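S.K.: Dropping a structure here in structure tokens format, bear with me for questions.
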Amino acid sequence: MFSVALIGAVVTLFCVYRMPFSLLGSKFAALALITLLVGSQITIKIPGARGQIAVSDTFIFLAILLFGVEAAVVLAAAEAFCSSVRFSRKASTLFFNAGVMALSTFITASTFYLAFPGINLRDGFSPNLFVGLCVMALVQYICNTGPIAVGVALKANQGVWQSWRANFLWSSLTYFAGVVGAAIVGKLSENLGLFGFAAFAPIIVIVYFTYRTYLTNVETSAAQAEQAKRHVEELNKYIAEQERISQALVESEEHFRNAFDYAAIGMALVSPEGNWLRVNRSLCEIVGYAEDELLASDFQAITHREDLGNDLAEIYRMISGEILTCQLEKRYIHKLGHYVWASTNVSLVRDAPGQPLHFIFQIQDITERKRAEAAIQTLSLADELTGLYNRRGFLAFSKQHLSSIHRGNKDVVVVYADLDGLKVINDSFGHKEGDRALVKTAELMKETFRPSDVLARLGGDEFTALAVVDREGGLKRLVSRLQQRFDEYNALRIVPYKLSISIGVVQRDDDGTQSMEDLMALADMVMYKNKRSKRKEETGGLRLAEAAVDQTTMAVA
């Protein structure tokens with residue numbers, strides 16, 4: 001900006017020095033007054049930039065045609081300075097704009113007179129004059145808008161071509177319209193004198209409204225383009241979001257389908273009327289019906305008659321909104337005629353308006369548990385002192401448990417344990433303290449074994465357990481936990497003696513030919529062998545003796 005202003009000032013001073021004041025008369029004075037007082041006041045905002053364009057280029061073209069290079073340059077610099085004052089008070093902006101107009105007018109006028117010497121408006125509108133006018137308009141357009149486009153580009157940190165195309169491309173037509181208007185007015189002034197300048201009025205109006213109309217169209221088009229761009233971006237975001245939601249929905253449906261079809265428990269979708277809508281393989285195996293047979297009926301058809309009334313009451317409570325879910329233990333009629341006990345969890349799914357859509361049934365076969373519970377209720381299977389099973393309960397429940405174990409990478413072991421020194425505790429501290437030792441031993445064993453393992457007190461100081469352990473190090477970890485429980489208790493020094501047990505462990509072979517009684521007897525033998533070894537060492541604590549069922553000799557550890 002400083003360079004342009006400095007060069008423009010030099011050019012202007014040079015033209016002032018060279019300007020033939022004696023040849024300028026009232027016509028130039030009238031043109032100067034109109035240019036400075038009227039032309040500089042009619043400006044158009046430059047789109048996207050802090051600046052304006054005056055419509056006084058027509059006056060500058062007229063000055064070039066009528067009064068030559070020097071007069072036109074001085075008038076252009078003065079007009080640019082005056083019009084810039086309307087929107088800026090910064091000296092750099094004022095002198096930059098004046099410099100741009102001075103330079104562009106000097107180059108335009110010099111090009112015109114050098115390229116087309118001897119052209120005179122008195123000779124009329126010849127083809128040579130028309131070409132000269134077009135060249136003048138083009139050069140003025142490029143030289144006038146080029147430096148300003150560079151300045152705007154530098155301020156906006158964008159490319160010069162981008163700035164020029166966006167802000168000044170639309171103004172090219174006004175330069176060509178202005179130069180034609182200037183030629184017409186110049187021709188009239190040759191014939192009519194000062195009255196020829198009266199033609200300025202309609203020309204200025206035409207040029208001004210050309211600016212305004214074109215600018216309005218450009219701004220409207222730009223606004224529409226920007227709005228369309230935003231719509232496209234929003235549409236693309238919407239489409240991408242819909243695709244993401246669609247993909248997530250597909251994945252969710254696939255996960256649900258896999259979880260539903262391959263669930264270990266029975267699952268079903270049931271209509272509000274009770275019809276089976278969808279069932280999985282586990283449910284078909286529980287009730288013995290094929291999938292198509294179930295889908296052709298309803299859950300009422302295979303529900304035990306004594307349980308149906310309670311089922312329908314709970315279903316009605318969910319539909320009415322009284323409860324959200326329910327859990328039932330009920331009987332289904334198997335296809336072969338016997339009934340199957342099942343734990344059924346039911347939840348209701350509603351649609352967007354809140355109307356019942358379908359029920360989700362989760363059905364788990366608990367027939368074996370019910371049979372075991374019935375056996376416990378009819379038999380005395382529990383040890384009164386420790387709360388563990390007694391011998392009868394252990395044998396009854398362990399056999400049921402063995403039939404339901406899926407081995408996989410697991411080993412089934414029987415642990416036989418004997419409380420060391422119970423007779424000494426009874427003799428030294430009384431039988432009541434001996435009972436407390438037995439109860440505490442049972443508690444420590446329950447803390448060590450898993451809830452699914454079967455524990456029992458067989459009588460006196462003898463305990464046993466049926467456990468499932470990992471094949472890789474599972475038994476060693478079990479024994480270590482048991483030892484840790486007893487060590488932690490003894491470290492508390494709650495009682496004046498130390499609790500310790502001797503144990504024997506046998507592993508059930510893979511074909512499962514040994515009975516539970518055989519396994520218990522073998523574990524008992526291993527335990528006593530361990531107990532004798534411990535007495536010899538007199539070190540106390542816990543010793544493990546392992547024996548495989550298919551071995552004839554017992555290994556002692």
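The values are calculated or read from the model by the stated rules, or taken from the named source; none is laboratory data. These numbers were taken from a predicted model, which means no experiment stands behind them. In this analysis, Cβ positions are derived from the backbone assuming ideal geometry, glycine residues included, and neighbour counts consider all displayed protein chains. We work out accessible area using only protein heavy atoms, side chains counted, and drop any ligands, DNA or RNA first. Shrake-Rupley method; radii C 1.70, N 1.55, O 1.52, S 1.80 Å.
S.K.: In Å², and per residue, what accessible area does region 252-364 have when probed at 1.4 Å with the other protein chains present?
M.R.: Here the residues of region 252-364 average 55 Å² of exposed surface.
S.K.: I would also like to ask the following. Please work out how much length the chain gains when fully extended from Ala296 to Ser3, using 0.36 nm per residue of separation minus the C-alpha to C-alpha distance, in nm with one decimal.
M.R.: Answer, rounded to one decimal: 96.2 nm.
S.K.: For the full complex of protein chains and a 1.4 angstrom probe, list Cys134, Cys15 by accessible area with the highest value first.
M.R.: Sorted by accessible area, descending: Cys134, Cys15.
S.K.: Additional query: Which order do the peptides 342-353, 251-262 take when ranked by the mean count of other beta-carbon atoms within 10 Å per residue, highest first? Don't skip to the end; give the middle numbers.
M.R.: Details: 342-353: 14.6, 251-262: 11.2.
By packing density, highest mean first, the sequence is 342-353, 251-262.
S.K.: Something else now. How much net charge surrounds Trp276 when only other residues with a Cβ under 12 Å from its Cβ are counted (Lys, Arg +1; Asp, Glu -1)?
M.R.: On the way: positive: Arg278; negative: Glu273, Glu291, Asp292, Glu293, Asp298.
Neighbourhood net charge equals -4.
S.K.: Same structure again: Can you work out the accessible area per residue across region 377-477, with the rest of the protein chains kept in place, probe 1.4 Å, in square angstrom?
M.R.: That works out to 50 Å² per residue.
S.K.: Continuing with this model, one more query. Heavy atoms only, probe 1.4 Å: what % of the accessible area of region 325-469 goes to carbon and sulfur, would you let me know?
M.R.: 51
S.K.: Please report the relative contact order for region 314-387, taking Cα pairs under 8 Å with a sequence separation of at least 6, and give it as a percent rounded to a whole number. Before the final figure, lay out each step's value.
M.R.: On the way: 87 pairs, mean separation 16.0, N = 74.
Computed value for region 314-387: 22 percent relative contact order.
S.K.: Mind ranking 70-82, 435-447 by how tightly packed they are, going by the mean number of other C-beta atoms within 10 angstrom, highest first?
M.R.: Packing order, densest peptide first, comes out as 70-82, 435-447.
S.K.: Something else now. When we measure straight from the Cα of Lys498, which aspartates and glutamates land under 16 angstrom away, once same-chain ones fewer than 8 places off are left out?
M.R.: Asp418, Asp420, Asp427, Glu433, Asp435, Glu443, Asp461, Asp487, Glu488, Glu538
S.K.: Which order do you get for Lys90, Lys330 if you rank them by accessible area with a 1.4 Å probe, largest at the top? Can you show the working numbers first?
M.R.: Numbers: Lys90 120, Lys330 5 Å².
Ranked from most to least accessible, the order is Lys90, Lys330.
S.K.: Return the subset of Lys410/Lys536; Lys410/Lys534; Lys370/Lys446; Lys476/Lys534 for which the Cα-Cα distance in this structure is over 25 Å, preserving the input order.
M.R.: Lys410/Lys536; Lys410/Lys534
S.K.: Whole number in Å², please: accessible area per residue of region 486-528, 1.4 Å probe, ligands, DNA and RNA not counted.
M.R.: 50
S.K.: Could the peptides 462-468, 478-484 be put in order, highest first, of the mean number of other beta-carbon atoms found within 10 Å of their residues?
M.R.: The most tightly packed comes first, giving 462-468, 478-484.
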